[in-house]
Every structure is written in structure tokens, then in C-alpha cells.
Amino acid sequence: MLEKALRLYTPSKHETPMAEFLAERCDELGFTDIRIDEVGNVIAKKGTGSPRVMLCGHMDVVPGKVPVRIIGDSMYGRGASDAKAPLMAMLFAAAAVPEGNGTITFVGAVDEEGNATGIKNLVKKKMDIDYAIFGEPSGIKRVTIAYKGRLAINLKISIKDSSHASAPWLSKNAITESITFITALKEELEKGQEDKSKTGMLTATTTLISGGTSHNVTPMECETTFDIRIPIGGSCKATEQKVATLVREITKERGVESFYSILDETEPFEAPHDSPLIRALTLGVLNIEDERPMLVRKTGTGDMNVLGNQWGIPVVTYGPGDPHESHTIDEKVSIGEYLKGIEILTEVLRRLKILHDKKMTRMMR
């Protein structure tokens, strides 16, 4: 089934073949209430009662085909690691859950590699979910419990006049002024973090810059995109307030016009360490691999931020596959690890039922 899924080339916004493929598999595997929602997400249920667990993976891949083939223990194909192996592992783990083990909601989401259309649409819905696992290649012995937040800002600098490049002293230069802004913003936002780990640091990175109309005229306008990653404990609001103050101060000092707008605002998220979900994952990996998994905080930002903060539930990211294989020209996944991933996720769901019921019993006393 994984090989068949990989043969469907599904870049963002073109996931329909994979959605139809998954809907058919869900029907064959005994899922109920199978549907494809208005943006293209596949949603299906298995079982009844509590706990109510969502297993969500994405169907889209980055552009660029990789020939599907098997060499030894490796299966090659675009999305082999990111993230069709985690997605299919979730499907078969959910299918293996017996009646009386709670309700599993399986989701194949669209556009994760693009603008997160799928998850943004999903969080708007009223879905009674207690726990969620997002399928991404973490490796079967690593569980991602936290992601940084993200604040993406577009900064536009405007100059009142321009000059010929042969006489640059006659006017300011919007590109040069933009560089002054982004250098000052980076220094101020990142200062005082020498003793922090990479996952605990706020980082500010210039990712796009555009300005100028001709090779021999100084530019009057320049736009810059600034990508700020916010660690646990920080917030988009506090960071934005600091940016606003800094932009205002630099604007006055430089005597130019400036305007900034927010392109993306995603708060940081960390799952509670004592939640039944993390304990179930720890026990599931320990039972199958005879080794405790590593709990990982990542410097990126993921769908779990959006859903975890919006719904206020424990959420983690987990799945078979090597994250370093993601988006590569010869993307692959270990077949052995993929199959182990199914086994572990099945065990996790079994353990989660036991731990959740114990938690509910304690709360009722």
C-alpha cells in the first residue's frame, strides 16, 4: 500500500488521487463516516467511545518526482519519508485498533507543504478530540513534543527621491536602508541569548528582499521578509510589540518611511510532559524497541502548533522515517522502520486507552 501511495504524485493542491486512494482503503479497512471535506482533507473514523484520538498526516509532497523502487530495505519515492510512510503507518495502526479501544479519527490533510490549508480548515471544526498525533518522519525512537512559534513580517521601506547611480549621494537608497533595518532588528531581537540552546533561542532571519527598478537608478522602495522563530515561553504578541517599537525608533533615526505587515503568526507549542499521550508513546516504543524514545523540541514550526493551541489538547509529532531524507532528490524510507512504526503506533493506541481511563477514574474520585 505504501508503494501504491508513492506512485501517486501529489504535490500541494493536487492531492485528489491520494484522497480517493485513502478513502477507498478506509472503506476496505472498516472505517466509518468516510468523507472528503470542502478543502480536500480525507476524514474517517474507527471505533467508539473514549479516548478520542486524531491521527493526522499530510497527503501532499514537495515538487519533484523520485522514481519509485525498492533496493534492499529502502523504498524510494517522493514522499517516502515526508510524509506518506507516517501517514500510511497511521492508517494501518488505526485499522488494527479493536472495538472498545476508543474512537480514532484518521485524517489525510492537504497543503501541509504549502499554506497549511488543510489543518487551518480542520481546526475551525467542532471535533471532540482528546489527543492528536501528527505524522512526520521523526524516526521511531524520537517523539517531537514541542515546536517554536513563527512570526513572519513584511517590511517595506520607502524613500522620497532617487538619483542616478553615478551620484548616489543625492538621495537615500531604499535597499541600503532596508539592510540597516534588518541588521538592527536581528541584533536587538537576538541579543542576550548566549547561554541558551538552539531550541530555546529566538531567531530572526531575512528570507526575501526585493527592490529597485533599474541597474543605474537608486531604489525608492524595498520590501523585505523577516522570519522570526519564537521559543517556548515567548509569544507572537510580545515579539510583535518589540518589532513595532524597534521599527518606529529606526524609522525616526533614519528619516525614511516604513510600513510592516504580518504574513504569518503561529504561537509556540509544547505538549504537557505528564499527559497520557506522551506516556503512551514512551511505553509503546519501549515495549517494541526495548528502548525509551527521546523527547525532542524542534526549532521549526508545525501543524501541531496550530491545532494544539487552538484546541488546547496534548499533541505530538511522530512517525517512521529519517527527517534528513525529506525533500531530497533520492528520498527513501526504511521498510523495516515503516513496518515497526505501524506496530508501535498500534501499541501506543492500546496503551493510551488504559492510561486515559485511569486518568478519568482519578478525576472522578
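Quick one: in segment 47-60, which of the residues that are more than 23 Å from LYS120 (Cα to Cα) and among the small types (Gly, Ala, Ser) is surrounded by the fewest Cβ atoms within 10 Å (Cβ to Cβ)? My answer is GLY49. If the condition is being surrounded by 18 or more Cβ atoms within 10 Å (Cβ to Cβ), of a type in the set (Lys, Arg) and either in contact with a Phe, Trp or Tyr (Cβ under 6 Å, 6 or more places away or on another chain) or assigned to a helix (DSSP H, G or I) (or both), then segment 169-193 contributes no residue at all.
When segment 209-263 is examined, which residues are found to be assigned to a strand (DSSP E or B), under 24 Å from SER197 (Cβ atoms) and not aliphatic (A, V, I, L, M)? Before you say what the answer is, go through the steps one by one.
We begin by selecting, within segment 209-263, every residue assigned to a strand (DSSP E or B); these are 209-211, 217, 221-230, 232, 234, 257-263.
Next, only the ones that are under 24 Å from SER197 (Cβ atoms) stay: 226-230, 232, 234.
Within segment 209-263, PHE226, ASP227, ARG229, GLY234 meet the criteria.
For segment 61-118, taking the residues that are among the hydroxyl-bearing types (Ser, Thr, Tyr) and outside any strand (DSSP E or B), the one that is surrounded by the most Cβ atoms within 10 Å (Cβ to Cβ) is identified as SER81.
Select from segment 270-319 the residues that are part of a helix (DSSP H, G or I) and small (Gly, Ala, Ser) and write down the one among them that is nearest to ILE342 (Cα to Cα).
Only one residue fits best here, namely GLY284.
Residues that are more than 18 Å from the chain's Cα centre (by Cα) and either under 17 Å from ARG279 (Cβ atoms) or not aliphatic (A, V, I, L, M) (or both) within segment 125-139 comprise LYS125, LYS126, ASP128, ASP130, listed in sequence order. Would you check which residues across segment 320-353 are out of contact with any helix residue (DSSP H, G or I) (no Cβ under 6 Å at 6 or more places or on another chain), outside any loop (DSSP other than H, G, I, E, B) and of a type in the set (A, V, I, L, M) and list them? Those that are out of contact with any helix residue (DSSP H, G or I) (no Cβ under 6 Å at 6 or more places or on another chain), outside any loop (DSSP other than H, G, I, E, B) and of a type in the set (A, V, I, L, M): ILE335, LEU339, LEU349. Scanning segment 31-46 for residues that are out of contact with any Cys (no Cβ under 6 Å at 6 or more places or on another chain), buried (at least 22 other Cβ atoms within 10 Å of the Cβ) and assigned to a strand (DSSP E or B) turns up VAL42, ILE43, LYS46.
If you filter segment 123-139 down to residues that are surrounded by fewer than 24 Cβ atoms within 10 Å (Cβ to Cβ) and hydrophobic (A, V, I, L, M, F, W, C), you find that the one that is farthest from MET360 (Cα to Cα) is VAL123.
Would you point out which residue out of GLU347, GLU331 is crowded, with 16+ Cβ neighbours inside 10 Å, over 22 Å from the mean Cα position of the chain (by Cα) and modelled with pLDDT of 95 or more?
GLU347
When we screen ASP290, ASP274, ASP264 for residues that are under 28 Å from ILE157 (Cα atoms) and surrounded by fewer than 21 Cβ atoms within 10 Å (Cβ to Cβ), the only hit is ASP264.
The values are calculated or read from the model by the stated rules, or taken from the named source; none is laboratory data. Quick caveat: nothing in here was measured; it's all calculated off a predicted structure. Note that each Cβ is placed from the backbone with ideal geometry, even for glycine, and that neighbours are counted across all protein chains shown.
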